[in-house]
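The values are calculated or read from the model by the stated rules, or taken from the named source; none is laboratory data. Since this is a predicted model, take the numbers as computed values, not measurements. Don't worry about glycine lacking a Cβ; one is built from the backbone with ideal geometry, like all the others, and counts go over all protein chains shown.
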Amino acid sequence: LDDRIHEIKRDLDIKEQQLSGVKERFQNLQEKRIPLANDFIRLKKEVQQQESQIVLYENHLKEQERIEGQSKVQLQEVLDDILKDRDDLSSLKYQLKFEVEINEIYEAVKSTRPINSTANMNTLKELRTNTLDQLKQVQKTRGEWEARRESSKKRINDLEGTKKNLLMEFDNFDEKLVFPVN
């Protein structure tokens with residue numbers, strides 16, 4: 001009976017050592033997971049910023065074309081910038097996916113449940129704040145564009161009125177005559 005008790009105690013000690021080893025490995029994985037998650041969030045934030053920048057460029061381009069009638073050279077430069085930004089964004093997305101998926105830590109933790117922590121909540125709050133700031137900036141920019149559009153409409157109406165007045169005043173004026181731009 002003493003031998004059996006001694007054997008059970010020895011088995012218990014072995015199991016406790018194995019359990020502490022598993023707990024230690026789990027703790028190590030958790031410690032590695034948090035920096036990986038922070039890197040993921042940082043890269044995702046960069047991707048969102050690039051996407052926001054692309055949307056702003058595209059909207060700005062459309063507005064500039066409509067209001068000011070940009071020259072083709074300037075338009076091509078802006079389009080090249082947009083294409084470059086899209087290429088950069090694609091590269092960032094591919095790099096992010098590649099770095100995360102080849103990482104052994106990602107493989108080890110991808111099926112585990114997330115742990116709610118103060119750091120995670122702070123990161124989410126920061127992302128929310130950044131998103132709200134971006135929304136405010138877009139709304140402000142849109143307001144400025146609307147004001148410029150209204151100002152341009154008023155200017156066009158004023159110029160058309162001036163044109164009508166000049167045509168009535170000078171009835172022998174040739175409308176097909178082209179004046180120099182300078």
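Here are some notes:
- Residue identified as at pLDDT 80 or above, within 33 Å of the chain's Cα centre (by Cα) and part of a helix (DSSP H, G or I) among Arg25, Arg42: Arg42
- Criterion: within 30 Å of Asn28 (Cβ to Cβ), at pLDDT 90 or above, out of contact with any Pro (no Cβ under 7 Å at 6 or more places or on another chain) and not assigned by TED's automatic domain parsing to the domain that holds Gln48 - qualifying residue of Glu150, Glu126: Glu126
- Take the conditions (1) surrounded by 15 or more Cβ atoms within 10 Å (Cβ to Cβ); (2) of a type in the set (Gly, Ala, Ser); (3) at pLDDT 85 or above; Ser20 misses just one of them, which is (1).
- Filtering the stretch 85-123 to residues that are among the β-branched types (Val, Ile, Thr) and either at pLDDT below 80 or out of contact with any helix residue (DSSP H, G or I) (no Cβ under 7 Å at 6 or more places or on another chain) (or both) leaves Val100, Ile102, Ile105, Val109, Thr112, Ile115, Thr118.
- Matching residues in the stretch 132-149 - criterion: being surrounded by 13 or more Cβ atoms within 10 Å (Cβ to Cβ) and within 29 Å of Arg33 (Cβ to Cβ): Gln134
- Among the candidates Ala147, Ala119, residue that is small (Gly, Ala, Ser) and either in contact (Cβ under 8 Å) with a residue 12 or more places away in the chain or closer than 17 Å to Gln49 by Cβ (or both): Ala119
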